[in-house]
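Q: Below you'll find the structure I mean.
Here, each number is a calculation from the coordinates, and none is a lab measurement. What you see is a predicted model, and the numbers here were worked out from it, not measured in a lab. In this analysis, Cβ positions are derived from the backbone assuming ideal geometry, glycine residues included, and neighbour counts consider all displayed protein chains.
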Amino acid sequence: MLQSKVATKLVVLASLLVAMVLRILPLPKEWFVYNPDWVLLFLIYWAIAIPERVGVGHAWCVGVSSDVLTGRMLGQHALAYSVVVFVCVKLHTRLRAYPLYQQVLPVFLLLLVNQLLIFWTQNIKGAHSTELIHWSPSLAGALVWPAIFTTLRRVRRYYNIA
Amino acid sequence: MKPLFTKRPSPNFGLSVCVFASLVLLACEQKALLTPFRELFASAIYPLQQLVNSPVQAARKFGEVFSSQARLLDENESLRREQMLLKVKLLKFSALEQENLRLRGLLDTSFKLGEQVMIAELLAVNLVPYEQVVVVNKGSRFGAYPGQPVMDANGVVGQVLRVTPYSAEVILITDPNHAIPVQVNRNGLRTIAQGTGQIDKLSLPYLSSNADIQAGDLLVTSGMGGVFPQGYPVATVVADTGQGKVFAKFGAAPLAKLDRNRELLLVWNKPDPIPRVPGQASTPKGSPADHAAK
């Protein structure tokens, strides 16, 4: 029992580290504009799959590390991640019931909420770009969601996490 | 067996606590109270950045190992020639420096020539789109400090934004949140060059319409504001003549190769000498020649 709990923590943590690496990948500039928020996508998966283990508090901690990782003000990602993960935990039964292609839409909305919150908190500091392409990471994130879902589900089943 | 009645705080309660904590963090960040906390986190994140950087570095090393001898010889030859030219220029420079100091002494004005520099390597890491912030591999352990000017061989690159023990974030002069006080080298006209968000463009928003400025003018740092030392080249002026404009609008193109360089120079603008670098003797590739105190 204890061992499986530790294993769960390790697997989730490792997956989040992978997501952080993806987040700061040195892609060319034209592509980097579309780079989705991998960390949040992974968090959404774990929040839907094992909501009793991954909660708002964890999301907050991951958010703070994300802030440091991307050089934001501390608290920006923390705020956005905790709100998004809260919604996921609340609605996990419903989200799980949707077929995969229908999950894309709610995931897109959640990613937009995340970007919007970060955008607002960023505006404390100064004006920012409001072009339409600014929101493309959310779209890209929603489009890669099925791949993330199936991959992480395989990981979860392999390590027998429930 | 899973215990049936484990009591955990409800998500609602958790959310309110987290939102409150985030707002507190944001408020503290406004007052810049959290630097040590952030440093701690950043040190934890640093291995991750190294991990992302390492394949790029490995590829570079690989390319170096397998580059042909002929090319290396060529490069060596051209470097030697360049070094000779620079040396000749320097010969004259030291004489001029002495003369300048003497003249300044006559005028009773203080003027500081010469700064100390250290080479820092860029980490191949992207932080966020739309912001031009890069990460370098020298941090507070090496004496870097926030607000420190950063150059490359051609001109001013930017300034240090945040430091952690082993790395530093450098904001480029083309970042939309960055402005640098400059003056026209030809006539000493002072103005401010702001970043635009494009890597090859600066804007000059505070020029009067009859200012004496032309395309091709060299902009150098004016030393106002106290961050950048005086007299380093920043950009060349370019005219932006559009249809139906009576007066040409002027912008500037940065001289530093902002999107191509791999090595940057951190410059010490302080009178006291830079601190000893930890383990400098043991690291053969730490380029100890960086400490060329001038």
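Q: From the backbone phi of the stretch B:36-48, what are the Karplus-calculated ³J(HN,Hα) couplings (6.51 cos²θ - 1.76 cosθ + 1.60, θ = phi - 60°) in whole Hz, Gly and Pro given as x?
A: Calculated HN-Hα couplings, in order: x, 4, 5, 4, 4, 4, 5, 5, 5, 7, 4, x, 4 Hz.
Q: Does the stretch B:4-78 classify as rounded, prolate or oblate by the C-alpha gyration tensor (a ≥ b ≥ c root eigenvalues; a/c under 1.5 gives rounded; else a/b over b/c gives prolate, otherwise oblate)?
A: prolate
Q: Would you mind giving the mean number of other chain beta-carbons within 10 Å of the Cβ of each residue in B:128-135, as a whole number?
A: Taking the mean over all residues of the peptide, I get 5.
Q: For the stretch A:2-158, what's the relative contact order in percent, using C-alpha pairs closer than 8 Å and at least 6 residues apart?
A: Result for the stretch A:2-158 is 25 percent.
Q: If the cut-off is 16 Å between C-alpha atoms, which aspartates and glutamates fall inside it for B:Lys257, apart from same-chain ones fewer than 8 positions away?
A: B:Glu121, B:Asp152, B:Asp175, B:Asp200
Q: Return the subset of B:Lys61/B:Lys87; A:Lys9/A:Lys29; B:Lys138/B:Lys249; A:Lys29/B:Lys61; B:Lys92/B:Lys201 for which the Cα-Cα distance in this structure is over 27 Å, preserving the input order.
A: Correct reply: B:Lys61/B:Lys87; A:Lys9/A:Lys29; B:Lys138/B:Lys249; B:Lys92/B:Lys201.
Q: Also, I was wondering about something else. With +1 on each Lys and Arg Cβ and -1 on each Asp and Glu Cβ, and nothing else charged, work out how big the dipole of the stretch B:100-240 is about its Cα centre, in Debye to the nearest 20.
A: 440 debye
Q: Regarding the stretch B:127-181, what whole-number volume in Å³ per residue does the convex hull of its Cα atoms give?
A: Output value, Cα hull per residue: 83 Å³.
Q: Each label point is 7 Å from the Cα along the Cα-to-Cβ direction; what then is the distance between the points at A:Arg157 and B:Ser16, in nm?
A: Distance between the two pseudo-spin positions: 4.1 nm.
Q: Quick one: which residues, 5+ away or cross-chain, put their amide H under 5 Å from the amide H of B:Ser222? H built at 1.01 Å from N.
A: B:Val182, B:Gln183, B:Gly231
Q: If you average 1/r across every pair of different Cα atoms in the protein assembly as shown and take the reciprocal, what Kirkwood value do you get, in Å?
A: Numbers: mean 1/r = 0.0398 Å⁻¹.
25.1 Å is the Kirkwood radius here.
Q: Moving on to the next point. Relative contact order for the stretch B:179-254 using alpha-carbon pairs under 8 Å, separation at least 6, rounded to a whole percent?
A: 28 percent.
Q: Compute log10 of I(q)/I(0) for the stretch B:179-254 with the Debye formula, placing one identical point scatterer on every Cα and leaving out solvent, at q = 0.22, 0.24 Å⁻¹, to two decimals.
A: One equal scatterer on each Cα of the stretch B:179-254 leads to -0.96, -1.13.
Q: If you take all C-alpha pairs in the stretch A:2-158, what percent of them are over 19 Å apart?
A: Of all Cα-Cα pairs in the stretch A:2-158, 52 percent lie more than 19 Å apart.
Q: Still on this structure: What helices in chain A pass both tests, a Cα length along the helix axis of 30 Å or more and a mean Kyte hydropathy of -1.0 or higher, using whole DSSP H runs?
A: On the way: long enough: A:2-23 (32 Å, 1.50); A:100-125 (38 Å, 1.08); A:136-158 (33 Å, 0.25).
Those that pass (Cα extent of 30 Å or more, hydropathy at least -1.0) are A:2-23, A:100-125, A:136-158.
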